[in-house]
Amino acid sequence: MPAVTETIETVQSVTEGTYKWGFETDIEMEFAPKGLSEDIVRFISKKKNEPDWLLEWRLKAYALWQKMEEPRWSAVSYPAIDYQDAYYYAAPVQKAKPKSLEEVDPELLRTYEKLGIPLKEQAILAGVEGAGETPADGGRLPVAVDAVFDSVSVATTFKARLEKEGIVFCSISEAVQTHPELVRQYLGTVVPQGDNFYAALNSAVFTDGSFVYIPKGVRCPMELSTYFRINAKSTGQFERTLIIADEGSTVSYLEGCTAPMRDENQLHAAVVELVALDDASIKYSTVQNWYPGDAEGRGGIYNFVTKRAQCRGKRSKVSWTQVETGSAITWKYPSCVLLGDDSVGEFYSVAITNNRQQADTGTKMIHVGKRTSSTIISKGISAGRGQNTYRGLVRVAPTASAARNFTQCDSLLIGDQCGAHTVPYIENRCMTAKVEHEATTSRIAEDQLFYCRQRGLSEEDAVGLIVNGFCREVLKELPMEFAVEAQKLLQISLEGSVG
Amino acid sequence: MLKIEGLTAEVDGKPILKGIDLEVPAGEIHAIMGPNGSGKSTLSYVLSGREGYEITGGSVSFNGVDLLALEPEERAAAGLFLAFQYPVELPGVGNALFLRTALNAVRRGKGEPELDAMQFLKLARERMKALSMPEDMLKRGVNVGFSGGEKKRNEVLQMALLRPKLAILDETDSGLDIDALKIVADGVNALRAPDFSALVITHYQRLLDYIVPDKVHVLMGGRIVQSGGPELAHQLEASGYASVKAA
Ligand SMILES: Nc1ncnc2c1ncn2[C@@H]1O[C@H](COP(=O)(O)OP(=O)(O)OP(=O)(O)O)[C@@H](O)[C@H]1O
Ligand SMILES: [Mg+2]
């Protein structure tokens, strides 16, 4: 009977480990010597042919970092990280930055192909050119991709087409060369070098990342996306993303990431800065799928990321959507500082922890401008021995008259060895502001599973369906193509969590 | 089709089914009546494979297959359908998605091609029209906020889509208005075929005016204590279960 075979296959795929992105690419790499010192910072800056002001900026960050203590306040636990035992620069050997995809090492192209990341413009463009916002039947909307492999950006697609609109979309190292005034004006203005331990580390040694500038009044005609891949061993990844939406502009940006399966833990300490000016809107979506480690908790990525947006302009809007399925440890709080009057911040999050994964994630909404509003929808799912913490801060300054916040935190437990924790901090210093918080915790009920199975669904499919239902409010915020991928990912992440 | 022999089962160590013998030949519809707590729902859960019901003896064969050896989803794929006495809510799961996932799971089990969203929608609309169900029920979460009667009709819609070989309806008539009762009965009657059987659990003779059973069984204290033709239901309606005990 086919159903029986299928069940067996599911069980096998579970026991064999289900991280499907765990392969390694064999490619010639260039490393800086292991460890961290002022010399390494200078080495990186020199490699990137950076102007003096940026080197100075990095050195200042390094000096700040040396005086800082690694924070330990989150609910996650992990052994001490030896910062001298990692590489801070690892790049595929390339003579010069390739000018076209033809010049990119085919081994790299194959890697991205395997990961399902479209780096070939023609392939995606076929049949959709000129179709505008709506894809032709069954067609895909074009997505411009910046691919970051270990420390450097290897390719950016659709640049020419974007340049026509005046949009700058390239790696940040390239932007330093081509648009130094923009980078200098905005870099570190949202997340200063000394903001926190990991941000300082990142500021000192960041190697690459994406840069986006959308000029006044421009609606970015396609999704922009960066795809991060950690490949090399013992390498930290410190990328830096800077997105500026000038007055009245709109952009939707996606970020995806994977890493090979390894026994050791790897550190990923990124910084993302978003700036939205008057009437601008930025939608930032992440599907985080770093290697989570095996069922016993060996290996996996430590994901310690600082993501912050400033809604500087009046009526500006920033929306963070994240689906966090990977990483051994996730520690991040994409935040919005709502400075402009009537500006809007949104945070939609799904965080899954399975096996021994730990996640401490949430957001900060800082209301400064008048009538600013924020919405937080957080869905935490814990399975296996996973531990999931929502930590959120809503701060309303006395200036933020008539500000509003609505927070909803829902937790779903699968099995009885996992945990869910909700830690909301509310600091309201404005009489006319309204802050609402709702929280629920539920378990996938036996009767729900049985109902689905009686209708012919396998237990895994039933869990997937119920979990997707639980996350629906968040998933519907994702761009279409990502939503489908995210749904599959949720299911894969939970394989083996029941029965 | 379905052959139950000497079936005993317990819940939390408490014996509920105490030796059920029942045979439903292909093409027949049998009704099961019995007082509250006599084990009717327990029987339907045991047949469909719900966890927590320990089978302590007996056997069930379904079209020659040992039903009790199969997982619940395998029983569904083999053609067994249970219309729940208390249909379960699945928040956030769209009814359309759920129905299509279920239909395709069962179709896969039968080796039939899966339906895409468009094909499914066409079929679902057809079946819904036949059951006088408003189309917006497809958009809502599975059973979420449905009225009691709507939940029951949703069960019948699922049955109409999945086209089982054996349908067990556990008090599907409870809580239905007269019109809905007819609709549900029509749904069952439409499935009548030489290779379709049904076990209709009910407290009311009224339903059996619309779904005329081939046999009526009385389940009491975990045993089938009396079986007869449709007239047995009338007799129970008139004089209650006391008359059975006396018999
Ligand atoms: N989990 C359980 N633990 C203990 N007893 C149970 C459990 N589930 C069912 N029972 C008992 O088993 C008996 C049979 O219950 P069942 O639901 O099968 O009755 P029924 O015939 O369907 O009744 P009704 O007509 O009210 O629906 C009842 O006495 C009930 O209390
Ligand atoms: Mg019952």
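The values are calculated or read from the model by the stated rules, or taken from the named source; none is laboratory data. It should be emphasised that the depicted structure is a prediction, and the values quoted were computed from it without experimental measurement. When we count neighbours, we look across all protein chains shown, and the Cβ atoms used for this are built from the backbone with ideal geometry, even at glycine. These accessible areas exclude ligands, DNA and RNA; they are computed on the full protein's heavy atoms, side chains included. Shrake-Rupley method; radii C 1.70, N 1.55, O 1.52, S 1.80 Å.
Overview of values
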item	result
Stokes-Einstein diffusion coefficient of segment B:69-157, Kirkwood radius over Cα pairs, 20 °C, 1.002 mPa s, in µm²/s	156 µm²/s
Using a Förster distance of 56 Å, the FRET efficiency for B:GLU5-B:LEU121 (Cβ separation, nearest 0.05)	0.85
Angle between chain B longest axis and helix B:148-162 axis [Cα atoms, degrees, rounded to 10]	80 degrees
Value of relative contact order over chain B, rounded to a whole percent, pairs C-alpha under 8 Å and six or more apart	28 percent
Buried accessible area, chains A and B (both chains, 1.4 Å probe, Å² to nearest 100)	2600 Å²
Descending semi-axes in whole angstrom, ellipsoid equivalent of chain B, from the Cα gyration tensor	29, 21, 17
Label zone at B:VAL225, where the point sits 7 Å out along the Cα-to-Cβ direction: segment B:11-36 residues whose backbone N lies under 16 Å	B:16-21, B:32-36
Other protein chain Cβ atoms within 10 Å, averaged over every residue that makes up B:66-77	5
Tail weight of P(r) past 24 Å, computed on alpha-carbon pairs of segment B:102-247, percent	40 percent
Distance in nm between pseudo-label sites at A:GLU473 and B:ARG107 (7 Å out along the Cβ direction from Cα)	3.3 nm
15 Å cut-off, amide nitrogen to a point 7 angstrom out along A:THR375 Cα→Cβ, residues in segment A:273-291	A:282-284
Sites B:ASP21 and B:TYR86 - FRET efficiency at Förster radius 30 Å, r taken between beta-carbons, to 0.05	0.65
In Å, descending, principal axis extents of the Cα set of segment A:41-89	40, 20, 15
Using a Förster distance of 45 Å, the FRET efficiency for A:SER77-B:LYS139 (Cβ separation, nearest 0.05)	0.55
Pairs of lysines in segment B:2-246 (C-alpha under 15 Å apart; 8 or more residues apart or interchain)	8
